[in-house]
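Here's the structure, in structure tokens; my notes come after.
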Amino acid sequence: MQLRDDHARFEEAGATISLIGLGPHTRALVFCDERHVPFECLSDPSQDAYRAYGLDRGSNRQLFGPQLILRYAKALLTKDVEVAKLSGDDYRQMPGVFVIDRGGIVRYAHRNTDVADNPPNDELLDAIRSIRRSGRR
Amino acid sequence: MANRPRVGDPAPDVTLTNRNGRHVRLAARWRRKPLVAVFLCHFG
């Protein structure tokens, strides 16, 4: 998980990170404990939060496009993704990342165009720093 | 879709479930520090 690699940099920038996942909270517990995730893990079993943030369900191309085959293969080899666990979830749900300031305003929004299109940490850190620079938040 | 918050828009204060199974508000996470809310494609 690339966010975990830069955990210290996010802390230094003064941000909180919350991971939000599908399924019951017991699934989140297992996921986060197994991987020693240093962030709070929250669940959205109804997917209401995903909908509220405009995160759609993906098309076949977004989920299984040629650009993703190599990544899936690698993930399977390293057991980073356990396909069996997909069965209980809505595997079409697309991910995204939002940076929100202390006033509750969205300062950065990224909705993945495919499941591998995660934003670089530097982009997120820049968004956090720009909140700090603006002085209000 | 009507709900598609963009940069500059108010972030929706949604209710989520924490690791103890309790309902929590996302707004409680951004009041003290800026929040990076990471929506995963699935857990696992």
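Taking residues in segment A:22-43 that are closer than 14 Å to B:N18 by Cβ, and partners anywhere that are part of a helix (DSSP H, G or I) and of a type outside the set (S, T, N, Q), the pairs with Cβ atoms closer than 6 Å and at least 6 places apart or on different chains are A:C41/A:A28; A:C41/A:C32; A:S43/A:H25; A:S43/A:A28. Entry remark, segment A:12-46: residues being surrounded by fewer than 17 Cβ atoms within 10 Å (Cβ to Cβ) and within 10 Å of chain B (Cβ to nearest Cβ) number 9 in total.
Out of the residues in segment A:107-133 meeting the condition of being without any contact (Cβ under 8 Å) to a residue 24 or more places away in the chain and farther than 30 Å from A:F64 by Cα, tell me which one is surrounded by the fewest Cβ atoms within 10 Å (Cβ to Cβ). Applying the filter and picking the extreme gives A:R133. Answer with yes or no whether B:R6 is modelled with pLDDT under 95 and in a loop (DSSP other than H, G, I, E, B). Answer is no for this residue.
Does A:G14 qualify as being at negative phi and of a type in the set (G, A, S)?
So A:G14 fails the test.
Reported count of residues in segment A:53-62, each being assigned to a helix (DSSP H, G or I) and surrounded by fewer than 18 Cβ atoms within 10 Å (Cβ to Cβ), is 2.
Taking the criterion of being in contact (Cβ under 8 Å) with a residue 12 or more places away in the chain and surrounded by 18 or more Cβ atoms within 10 Å (Cβ to Cβ), the residues of segment A:92-104 that qualify are A:Q93, A:M94, A:P95, A:G96, A:V97, A:F98, A:V99, A:D101.
The values are calculated or read from the model by the stated rules, or taken from the named source; none is laboratory data. In this text, all values refer to a predicted model and were calculated from it rather than measured experimentally. So basically every Cβ, Gly included, is an ideal-geometry build from the backbone, and we count neighbours across all protein chains shown.
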